[in-house]
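What follows draws every value from the coordinates through simple rules; no lab data is involved. Since this is a predicted model, take the numbers as computed values, not measurements. Please note: Cβ atoms are built from the backbone with ideal geometry, for glycine as well, and neighbour counts cover all protein chains shown.
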Amino acid sequence: MPFPRSLAAWTLGLALMPMITLAQTAKIPTVTVAPATTAEVVAQVYVTGSLVARDEVLIFPQVSGFSIESLTVQVGDQVQAGDVLATLATGNLVVQQTTAKAELNRTVSAISQAQSQIATAQAGLTQAEAQLARVQALKDRGAATQADLDTVVAAAEQARAALASAKDGLAVAQAQRDQAQAQLDLADLNLEHAQITAPVAGIISARNGQIGAIAASGGEPIYRLIAGGAVDVEGEVIETALAGLAIGNPVALDIASIGPVTGTVTRIAPTVDAANRMAKVTIEVPPQAGLRPGLFARGTIETLRHQALTIPAAAIQTDSAGTYVLRVTDGVVSHVPVTAGLLWQDAREVLSGLAEGDLVIARAGAFFSQGDAVNTITEGAAE
């Protein structure tokens, strides 16, 4: 016996209800979410530049007008302070030294002669004063005339003048001796400077001298030397990055033919190039083989490192209304304005708007709106 029509419809409805519920559930999209978590973020500034000598020493001859006889080192050689780099012809310098020695010996003899003259003049003065005393005594007793006294007085004055002249002669001879000694010292120094030596230890970076050329203190130096072999990176950064830079910032570099090298900011230029809006920075790198002035270098300067609340960078949305994320709470999407900070390794710092643990749509947020119902899976979980 068939069921009543109303009972059949009711039974059919009961059978279809699970199918309708499954269909409605199937229409709710599944999204990938990520929690807001605390992580380390780093701010970086890009820098490019070239290697330059930290302290370049220009080596000129200290005595001019003499030909170069030898050049003993080549570009790239490591030298120590005092090492002989070049020698000059010394024939004329030896003659100058010999002449200066002879002049010094002459003045020393002149001093001896002047001292003998002083002794002679002193003896003459002693004799004249004794004669004056005797004649004065005779005059007092009436045994000598005034003319006799005047004669011995004049003789005594002449003896005093002779002594003074002899002493002046000694002073002149001593001055001539000092001058001759200075000339000899200069000749010795010039002869010493005929050997051109390294003032500091370092690496020879250029050799401009030629054997047979006349050494001169003007023009190109005979050698250029990198003091201590120390090389820095002279780089450029965009003007907008200057506010975050500071002396001591760590730097990660990639140097042509060398590879990764670490460094430290040691100088920041006080001016910006008006043409390209770039500022120069100097980066100190530790000494190592292969560092050569002129090599290209690029890398990043770390200006800030701290712990912050972060979400995937792709979760941040920006439109005419501002910057926001789509937060998912109990399967419902909500539009949450946020303040974004640093971008670091596919993560973005969130300064305000979220709390740690909040779930946000990690990808394809543009396809969802306020109030949408979604199913969620955590980023990185298996589908």
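I'd like the projected area of region 176-313, averaged over all directions, using the convex hull of its alpha carbons. Report it in nm² with one decimal.
Mean orientational projected area (region 176-313, Cα hull): 15.7 nm².
Give me log10 I(q)/I(0) at q = 0.15, 0.20 Å⁻¹ for region 91-193, Debye formula, one equal scatterer per alpha-carbon, no solvent.
At q = 0.15, 0.20 Å⁻¹ the computed log10 ratios are -0.69, -0.90.
Classify region 245-351 as rounded, prolate or oblate from the Cα gyration tensor: take a ≥ b ≥ c as the square roots of its eigenvalues, call it rounded if a/c is under 1.5, otherwise prolate when a/b beats b/c and oblate if not.
prolate
When ranked by the protection proxy of mean other Cβ atoms within 10 Å per residue, highest first, what sequence do the peptides 229-239, 116-126 form? Don't jump to the answer; show the numbers that get you there.
Numbers: 229-239: 20.0, 116-126: 15.7.
Highest to lowest by the protection proxy: 229-239, 116-126.
Please give the length that would be gained between Ala321 and Leu245 if that part of the chain were fully extended, namely 0.36 nm times their separation in residues minus their C-alpha to C-alpha distance (nm, one decimal).
Length difference between fully extended and current span is 24.1 nm.
Tell me whether region 63-151 comes out rounded, prolate or oblate; compute the Cα gyration tensor, take square roots of the eigenvalues as a ≥ b ≥ c, and use a/c under 1.5 as the rounded threshold. Provide the component values of the computation, followed by the final result.
Numbers: a/c = 8.77, a/b = 5.60, b/c = 1.57.
Prolate.
Can you tell me the Rg and the Dmax, both Å, for the Cα atoms in region 177-241?
That works out to 19.6, 69 Å for Rg and Dmax.
Using helices alone, what [θ] at 222 nm do you get for the chain, with -39,500 (n - 2.57) per DSSP H run of 4 or more residues, divided over all residues and rounded to the nearest 500?
The helix-only estimate for the chain comes to -11500 deg cm²/dmol at 222 nm.
For Asp83, what residues show an amide H to amide H distance below 5 Å, using hydrogens built from the backbone and excluding near sequence neighbours?
Amide H neighbours of Asp83, under 5 Å, 5+ apart: Ala198.
Please turn the phi angles of region 359-365 into ³J(HN,Hα) values with the Karplus equation 6.51 cos²θ - 1.76 cosθ + 1.60 (θ = phi - 60°), one per residue in order, whole Hz, x for glycine and proline.
After applying 6.51 cos²θ - 1.76 cosθ + 1.60, I find 9, 10, 5, 7, 9, 6, x Hz.
In region 43-85, if every C-alpha pair distance is counted and binned at 10 Å from zero, what percent goes to each bin?
15, 39, 22, 13, 8, 3
Label points 7 Å out from Cα along the Cβ direction at Gln127 and Ala313: separation in nm?
Using points 7 Å along Cα→Cβ, the separation is 11.1 nm.
Work out, step by step, the length gained on full extension between Arg305 and Val52: first 0.36 nm times the residue separation, then minus their alpha carbon distance; give nm to one decimal.
Length gained between Arg305 and Val52: 88.2 nm.
Return, for the Cα atoms of the chain, the radius of gyration and Dmax in Å, separated by a comma.
Final numbers for Rg and Dmax: 48.8, 199 Å.
Full-extension gain between Thr378 and Leu343, please, as 0.36 nm times their residue separation minus the C-alpha to C-alpha distance.
10.5 nm is the gain from fully extending Thr378 to Leu343.
Among the lysines, which have Cα under 28 Å from the Cα of Lys101 when same-chain residues fewer than 8 positions away are ignored?
Output for Lys101: Lys167.
Taking only Cα atoms, what is the 0 to 90° angle, nearest 10, from helix 146-193's long axis to the longest principal axis of the chain?
Roughly 30 degrees between the two axes.
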